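Just so it is clear, none of the values below were taken in a lab; they were calculated from the coordinates. Nothing here was measured: the structure is a model prediction, and the numbers come from that model.
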Amino acid sequence: MVLWLTGAPGLAEEVADELWAVLPGARVVDPGPLDAVGDAGAGALAVLEASPGWRGLLATASAELAAWRSERLVVARPVLDQRLWGVVEAGLLRAGLDGVLVELDADDEEVRTRVRAARVAVGPRLRELERHARARAWLHLRADVVVRTTGLSALQVARAVAGRLGMDMGVR
């Protein structure tokens, strides 16, 4: 199973670390190159999808994930474009991986406070907040699990995600 964490900027990475800590056998995977695709916009995505190399790249990435196979793979990467999520999900299915989209949602003011406190990529993360607000409707409809994170620590969110998915938590 691949738990794909998306949503409120800056929180997914913290929750992924906590899931790694509380779920036995969990592995955190960083599909960084997808950021560039997501940032490039729908026009660039259409060009990539039309190119023969794109499907090969996606198949290779999926094979890499499959090679890392464990009971629980955790990916903390925003996917705020519905078409991009469809491409990612199809690649996971072709690789025989069950993808679970987990939407981490928080009110905008709390996210702004978290982003400013982290002092890491403040500008880009605040711009991502605007993209998340636009994507919120389709994410809430498409996500397998939606967790409201307002007022919760990353550990509390990780426990809520695991509980909603019926996963046993352990201690590393």
Q) Applying the Karplus parametrisation 6.51 cos²θ - 1.76 cosθ + 1.60 with θ = phi - 60° to the phi angles of the stretch 79-86, what ³J(HN,Hα) value in whole Hz is obtained for each residue in order, glycine and proline being reported as x? A) 10, 9, 10, 4, 5, 4, 4, x
Q: Starting from the Cα-Cα distance between Q156 and R27, subtract it from 0.36 nm times their residue separation and give me the gain in nm to one decimal.
A: 44.5 nm
